[in-house]
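Below is one structure, written out as structure tokens; the observations come after it.
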Amino acid sequence: MPKSILVVGAGFYGAVCARELFDLGHSVHVIEKRVHIAGNCYTRPKLECGCHEHVYGPHIFHTNSKKIWDYISRFTEWTPYVHRPKARYKGVLYSLPVNLRTFQQIYGVSTPEQARRKLESVRHKIESPDNLEDWCLSEIGPDIYERLIRGYTIKQWKKDPRELPPSIIKRIPVRLNDNDNYFDDRFQGIPKNGYTSIFERLLEGIPVDLNTDFLQERDYWINRYDHVIYSGPVDALFNYESGTLEYRSLRFNSVVEKVADFQGVSQINETDESVPYTRVIEHKHFNGDFSKPASLITYEYPEDWSAGKTEYYPIETAISRSKHRAYIEQLDQLGLPITAGGRLGDFRYYDMHQVIGSALRSVQTLAQSWK
């Protein structure tokens, strides 16, 4: 029997759930707190620079899953793209992710075997490293850690790296060859017409109300629908009554430089702790037009989060994970017809393809429960 469903949030989790449930014959209504769809993936044309602006930071779609790639490819054409960022430490550029070129730059080695022996000699012998710093020291040693990881991590998370889980850094590969493709995934690209166009197609035919805050009238919305798909922060859903989870926010400073190519690469990570921003983004390098004599540059600054600011990154400390579990248990105990998911709902540092996979699984679970 068809259900009436409210989807809260028009990012990837909400939009994919909305599309799938609508296609299954359910009545779907999407509300979004912002004045645009696409969540943090929102892009807009920057015509004078010949590019799309990644308004909330750079997004590179990548996945090893042919199922996920084929699914999202229904809604976009792709510009082939390989992510090859650089790191800058005290004015010197280094190749990322850590690869043979990085070992050459730091240690002067020239072959994979020399790099392997050097790595073995500098690694710290740490049994079962349980924090980010110890994991780095046991995998890459202090030199690479200090130049490429430590300062960036402190700025990004405003935490001592010994307080953070290794999972944050394990997603970054270490290679002993010249492969500087940041992602190992088989499929990688940038939407030809920007990310927002994907969401326009995902939400085609589905009513969407923007500038509408679910939390201001939570009970009103819940009582109007058979089920709610919620992609916001779970602590806010309960007005932080058991305490706030930990997040990091961001601030962006964008400028137009009157040159065709400003830095020669899409992204430079600023790994020196004394530099206040973490990344310099040149949007044109994703899929732009270099015949245009102007380029959009964005400086990304991490910020403390407080209620009212955007929650960009969940900080998955043991305390916050415990609080999140308590909120989910409370949701279950109250019997509210709400499914929470996405990066904020699940309190996980998801990539885009992981959010899409999570949304598809949520819809499958709900569809089975409604039979």
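How many residues, within region 29-49, are closer than 21 Å to residue 285 by Cβ, surrounded by 17 or more Cβ atoms within 10 Å (Cβ to Cβ) and either out of contact with any strand residue (DSSP E or B) (no Cβ under 7 Å at 6 or more places or on another chain) or aliphatic (A, V, I, L, M) (or both)?
4
Regarding region 60-75, can at least one residue be identified that is small (Gly, Ala, Ser) and in the same structural domain as residue 353 (by TED's automatic domain parsing)? No: zero hits.
Going by the conditions given, is residue 251 within 18 Å of the chain's Cα centre (by Cα) and loosely packed, with under 15 Cβ neighbours inside 10 Å?
yes
Restricting the search to helices (runs of 4 or more DSSP H) fully inside region 82-190 and requiring at least 2 residues that are polar (S, T, N, Q) and more than 30 Å from residue 305 (Cα to Cα) gives 100-107, 112-122. Across region 262-287, the qualifying residues are those that are of a type in the set (A, V, I, L, M) and assigned to a loop (DSSP other than H, G, I, E, B), and the one among them that is farthest from residue 300 (Cα to Cα) is 265.
The set of residues in region 1-45 being hydrophobic (A, V, I, L, M, F, W, C) and part of a strand (DSSP E or B) consists of 5, 6, 7, 8, 28, 30, 31. So residue 260 ticks every box in (1) outside the structural domain of residue 346 (by TED's automatic domain parsing); (2) of a type in the set (Gly, Ala, Ser); (3) crowded, with 17+ Cβ neighbours inside 10 Å but one. Which box is left unticked? So the condition that residue 260 fails would be (3). Criterion applied to 62, 52, 26, 83 was being crowded, with 20+ Cβ neighbours inside 10 Å and under 30 Å from residue 221 (Cα atoms), and the one residue passing it is 26. Which residue is surrounded by the fewest Cβ atoms within 10 Å (Cβ to Cβ), if the candidates are limited to region 91-142 and must be among the small types (Gly, Ala, Ser) and closer than 30 Å to residue 316 by Cβ? So the residue we want is 128. The condition of being surrounded by fewer than 21 Cβ atoms within 10 Å (Cβ to Cβ), touching a strand residue (DSSP E or B) at 6+ places or on another chain (Cβ under 8 Å), at negative phi and among the aliphatic types (A, V, I, L, M) holds for only one of 344, 296, 366, that being 366.
Residue by residue through region 230-261, note down the ones that are of a type in the set (Asp, Glu) and not in a loop (DSSP other than H, G, I, E, B). Answer for region 230-261, where residues must be of a type in the set (Asp, Glu) and not in a loop (DSSP other than H, G, I, E, B): 235, 257. Residues satisfying the criterion are absent from region 278-292 (criterion: outside the structural domain of residue 325 (by TED's automatic domain parsing), under 18 Å from the mean Cα position of the chain (by Cα), surrounded by fewer than 18 Cβ atoms within 10 Å (Cβ to Cβ) and modelled with pLDDT of 95 or more). Out of 14, 9, one residue alone is within 20 Å of the chain's Cα centre (by Cα), in contact (Cβ under 8 Å) with a residue 40 or more places away in the chain and at positive phi. It is 9.
The values are calculated or read from the model by the stated rules, or taken from the named source; none is laboratory data. Since the model is a prediction, treat every value here as computed from it, not as a measurement. Cβ: placed from backbone, ideal geometry, glycine included. Neighbour counts: every protein chain shown.
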